[in-house]
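The values are calculated or read from the model by the stated rules, or taken from the named source; none is laboratory data. Computed from a predicted model, the values in this text were never measured in an experiment. Note that we place each Cβ from the backbone using ideal geometry, even for glycine, and neighbour counts take in every protein chain shown.
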Amino acid sequence: MFCQSCGSQLTGDETFCGRCGTRVQTIPPEKEPPAPESEAGQSPVYTRFEPVPVFPYKPGNYMKDQIKRVSHSRMILFGILFAFSMLNCLPMLALSRRASDLIGAAIFFGVPTLLFLLYFLLAIRDYSNYRACGIYKKLYDAEGLSADAVDAMLNDEIEKALLFSHKRLTLTEHWICIQGRFSLHIFPADKLIWAYTYVMNGTFYQVIFALSNRKRRSIHTLRQKTCDEILAGVMQSYPHVLLGFSKMNRQLYKDM
């Protein structure tokens with residue numbers, strides 16, 4: 001460091017130059033500009049990218065395997081609910097002495113029991129004949145694809161154009177498959193506009209997929225890490241998709 005007036009060398013601790021008496025001007029270090037703050041109450045746009053664990057799909061019939069998995073879970077769920085409802089329904093019907101009590105017990109317990117039985121039987125039907133599952137009708141109504149075309153197309157995409165595979169989500173070049181515990185959703189990749197994380201009560205997490213037809217699909221989880229893995233997979237597979245919840249992304253989605 002040198003005096004700006006006479007050029008004498010300084011140690012850096014002086015306030016005035018010992019030779020000419022000129023006040024030493026110190027230049028403060030440059031400060032880095034502050035990082036932009038996210039909007040109040042909004043989570044920042046998702047920009048992280050961490051290594052994503054991949055769960056490769058074994059060769060086979062994707063639709064058959066997934067529908068059987070979902071149907072098996074539904075059979076267990078609605079079977080338990082039906083048995084529990086029956087255990088409560090029968091004693092109430094037996095102890096009812098007046099017609100009004102009998103009708104009330106039949107409505108309060110009988111209707112849910114019949115609904116659980118119906119869902120249980122539908123799950124058995126889908127498990128024994130996966131082509132009878134309603135998802136084929138939805139794909140036919142939305143995309144005009146027959147059951148044979150859906151099976152062949154998805155198997156070929158997963159084998160040749162798989163972009164990301166997770167136990168809850170499969171992404172290919174043209175299709176997105178959300179593999180819930182009790183549900184299965186399949187829709188074209190070009191319909192996905194926005195993906196973000198939604199936290200319920202600080203405990204339950206959801207990854208929301210907002211589609212171009214204003215519909216939303218979600219993946220429920222108890223772990224923030226799972227949401228991060230899924231969003232990172234979406235980011236590396238479809239760079240055009242809006243990621244993260246913010247007012248800006250919400251407005252962009254509304255304007256599309």
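Some observations on this one:
- For residue 246, the requirement of being within 28 Å of residue 129 (Cβ to Cβ), modelled with pLDDT under 90 and of a type in the set (Ser, Thr, Tyr) is not met.
- Qualifying residue in the range 182-194 (condition: surrounded by fewer than 18 Cβ atoms within 10 Å (Cβ to Cβ) and out of contact with any helix residue (DSSP H, G or I) (no Cβ under 9 Å at 6 or more places or on another chain)): yes
- The strands (runs of 3 or more DSSP E) located wholly in the range 125-180 that include 2 or more residues which are of a type in the set (Ser, Thr, Tyr), surrounded by 16 or more Cβ atoms within 10 Å (Cβ to Cβ) and modelled with pLDDT of 90 or more occupy 169-172.
- Residues in the range 197-217 that are in contact (Cβ under 8 Å) with a residue 40 or more places away in the chain, closer than 21 Å to residue 175 by Cβ and part of a strand (DSSP E or B): 210 alone.
- First in the range 221-235 and over 14 Å from residue 192 (Cα atoms), second anywhere and acidic (Asp, Glu), Cβ under 7 Å, 6 or more apart: 228/50; 232/50
- Test result for residue 47, touching a Ser or Thr at 6+ places or on another chain (Cβ under 7 Å), of a type in the set (S, T, N, Q) and either assigned to a loop (DSSP other than H, G, I, E, B) or at pLDDT below 90 (or both): no
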